[in-house]
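What follows is one structure encoded as structure tokens, with my remarks underneath.
Just so it is clear, none of the values below were taken in a lab; they were calculated from the coordinates. For clarity, every value in this text was computed on a predicted model and none was experimentally measured. For neighbour counting, all protein chains shown are included, and Cβ atoms are generated from backbone atoms with ideal geometry for every residue, glycine included.
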Amino acid sequence: MYPSGRMDAITTSGLTKHYRHRELPIHRPGRPVSGPVGALEDLSIVVREGEIFGFLGPNGAGKSTTIRLLLGFLHPTSGSANVLGLDIVRDSVAIRSRVGYLPGGIALYDSLSGERLLDYLGELTGRPSTRRAELVDRLELSARTLRRPVRDYSRGMRQKIGIIQALQHDPELAILDEPSEGLDPLMQRAFYAILDDLKAAGRTIFFSSHVLSEVERVCDRVAIVRRGRLVALQNVASLLEHRKRNVELRASEGDLPRLEGVAGVSGIARTADGRLTCQLEGDVGPFLAALAGHAITDLTIEPAHLEEAFLELYEDVEPDGAAGAPPAPSTAVAAP
Amino acid sequence: MNWPLFGHLWRSQRTKLAIVALAMAAWNAFLPVIYNAFGAQMQKLVDSGVIPRQMADFGGADVFSLGGSIALGYLHPISIILVSIFAIGFATAAVAGERERGTLEVLLARPLSRRTVYVTLLAVTLTFIGLILVAASIGTVIGSAIAGVLDQLPIERLPFVWVNGLLLWGSFAAIGLAASVSFDRFTPAIGATLAIVIVSYFLYVLGSLWPDAKGLEPYSLFHYLSTREILGGTVDVLGFGLLAAVGAVAIAWALIEFPRRDLAAPS
């Protein structure tokens, strides 16, 4: 609890989940498994109230396992977690009354109309669907569309229904697993705007994705998991700040600056046509100072993208990149 | 118990339920008519020895008496298939089927405990079975009236027949639901339940038709469906209790297993 009365929306402490063989979520034919298989190891994170928190990782990294633990679908092997101040084991039902959840690749009751389905899920939630009209409008679902059976819906329309069912009762915390999957670019934009508004209204969003550009667009902080372990936990801005930017410059009459030894500059290469390329990390001051006095005719610095930061981070913790290697020890970097 | 879930299941199954109930009523109306039309001739055939006595007296069911023909209505494969549509098909699909389709995820994301979900599913299944058996009783009365043998029918005993049928099929449904909460996929859940029903029926048929195998009959739950005896004025309380106990064990298993098991992401 913060002095202002705000609390952490999610806290996990050493949260661990091992599957017995028969419970493995991914069947791997021909691969014998002896004993329990670790799906999540010692996860400790804090999601603050009112933030949009990105939860990143490749398929099988432990993202869905974490979400399913938080919602009570799975029981932790060890460790503990609280959602909105409630224990995930003891208070699972109370948690779900205050949380909206969009599962990845959501399956819906095909025989119902969109409207009836939303009514039904709203009745089960037991809270008034105060946001439904607004969400239907912003995601451009017409009344006529909502009267059609869900089996006639396209993938994008199903995803819109999934988003509405998760948010229609204005939950304090929304847990969204790959939420923009199947949405066209215009609808993705509308969805991001909805998230911005939810955040402005003080709602917390826990956002699982492997689409890094959207995480970069909407999230305040990200946690990155790999093979069930937390690899990093940082502000998006901080993660981008430490990423290497690609630089290309040209100078008149071959007056290229000497960048060797300049702080933050690496990977320097000169081409036969008089270009210089390098990588720049951190503060740009020393780099700009090194350019002073040179007749630079063109300079391009590509903005940092989370995707590259993400890949760099992975390269750091898995230098050999060997699949099937044992999990690296947790190297989480927690931002303040 | 959750009423929105109950209502949703009722609405989604009511057409199928109406068709099955009508078919069950028609089937049970048909047997008193058969008894009235052919009972005497069949009795003569059996008495002549052309048909072995065991073939004509299948577990207390026959077409020589009104009680026997009504009992045949409940024990005949047609009746078993009709009731199984809900007692086995619906019950086993209730959790495992939803899980396989991925819709269980959406349901359990709501503030419902798994026990509440289970109790609601059990209540819905028992309601469906109960209504099908009510339709069977109505069919029996209509058929008896059509055949002109209504005066032979002890109508006041029909509620006991209904309870007996509900206990038998409720026990199978409880086993089906227990399988449904225990498996991730529909196929093994229905496979395990059907195996239990088929083995039980096989033991019953074998015990009825083959005197040397008579000792196997009590191991079949169908043995405790005593329609003819009930209509004759005898209620096998022990049999009722045994069916209830089997159902209770299956319910207890599901109430323990469903909340404690992990529900990994559908693959």
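Checking the structure you have, find out if any residue of the range B:254-265 is assigned to a helix (DSSP H, G or I), away from chain A (no Cβ under 14 Å) and either in contact (Cβ under 8 Å) with a residue 60 or more places away in the chain or surrounded by 16 or more Cβ atoms within 10 Å (Cβ to Cβ) (or both). Looking through the range B:254-265, at least one residue is assigned to a helix (DSSP H, G or I), away from chain A (no Cβ under 14 Å) and either in contact (Cβ under 8 Å) with a residue 60 or more places away in the chain or surrounded by 16 or more Cβ atoms within 10 Å (Cβ to Cβ) (or both). Identification of strands (runs of 3 or more DSSP E) wholly contained in the range A:47-134 with 1 or more residues that are within 22 Å of B:Gly97 (Cβ to Cβ) and within 9 Å of chain B (Cβ to nearest Cβ) yields A:99-102.
Scanning the range B:169-209 for residues that are charged (D, E, K, R) and closer than 10 Å to B:Thr92 by Cβ yields no hits at all.
Just for the range B:8-29: of the residues that are in contact with a helix residue (DSSP H, G or I) (Cβ under 8 Å, 6 or more places away or on another chain) and either of a type in the set (S, T, N, Q) or within 14 Å of chain A (Cβ to nearest Cβ) (or both), which one is farthest from B:Ala136 (Cα to Cα)?
We begin by selecting, within the range B:8-29, every residue in contact with a helix residue (DSSP H, G or I) (Cβ under 8 Å, 6 or more places away or on another chain); these are B:8-10, B:13, B:16-17, B:20-29.
Now drop any that are not either of a type in the set (S, T, N, Q) or within 14 Å of chain A (Cβ to nearest Cβ) (or both), which leaves B:8-10, B:13, B:16, B:28.
Details: B:His8: 25, B:Leu9: 22, B:Trp10: 20, B:Gln13: 18, B:Lys16: 16, B:Asn28: 6 Å.
Of everything passing the filter in the range B:8-29, B:His8 is farthest from B:Ala136 (Cα to Cα).
Farther than 15 Å from A:Ile175 by Cβ and touching a strand residue (DSSP E or B) at 6+ places or on another chain (Cβ under 7 Å): is that true of A:Pro76 in this structure? So A:Pro76 passes the test. A count restricted to the range B:208-225 and to residues that are without any contact (Cβ under 8 Å) to a residue 60 or more places away in the chain, small (Gly, Ala, Ser) and surrounded by 17 or more Cβ atoms within 10 Å (Cβ to Cβ) stands at 1. Pairs meeting the criteria (first residue in the range B:230-247 and outside any helix (DSSP H, G or I), second residue surrounded by 15 or more Cβ atoms within 10 Å (Cβ to Cβ), beta carbons under 7 Å, at least 6 apart or on different chains) are B:Gly232/B:Gly67; B:Val235/B:Phe160; B:Asp236/B:Tyr224; B:Asp236/B:Ser226; B:Asp236/B:Glu229. For B:Leu107, the requirement of being buried (at least 19 other Cβ atoms within 10 Å of the Cβ), assigned to a helix (DSSP H, G or I), within 14 Å of chain A (Cβ to nearest Cβ) and not basic (Lys, Arg) is met. Only a single item in (1) within 14 Å of another protein chain (Cβ to nearest Cβ); (2) crowded, with 23+ Cβ neighbours inside 10 Å; (3) not small (Gly, Ala, Ser) is not met by B:Ile88, and it is number (1). B:Ala147 passes all but one of (1) in contact with a helix residue (DSSP H, G or I) (Cβ under 7 Å, 6 or more places away or on another chain); (2) among the small types (Gly, Ala, Ser); (3) under 26 Å from A:Asp91 (Cβ atoms); (4) surrounded by fewer than 23 Cβ atoms within 10 Å (Cβ to Cβ); which number fails? B:Ala147 satisfies every listed condition except (3).
For (1) part of a helix (DSSP H, G or I); (2) touching a helix residue (DSSP H, G or I) at 6+ places or on another chain (Cβ under 7 Å); (3) more than 14 Å from every other protein chain (Cβ to nearest Cβ), each residue gets a yes or a no:
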position	(1), (2), (3)
B:Arg115	yes, yes, no
B:Thr120	yes, yes, no
B:Phe128	yes, yes, yes
B:Ile138	yes, yes, yes
B:Asp184	no, yes, no
B:Ala192	yes, yes, yes
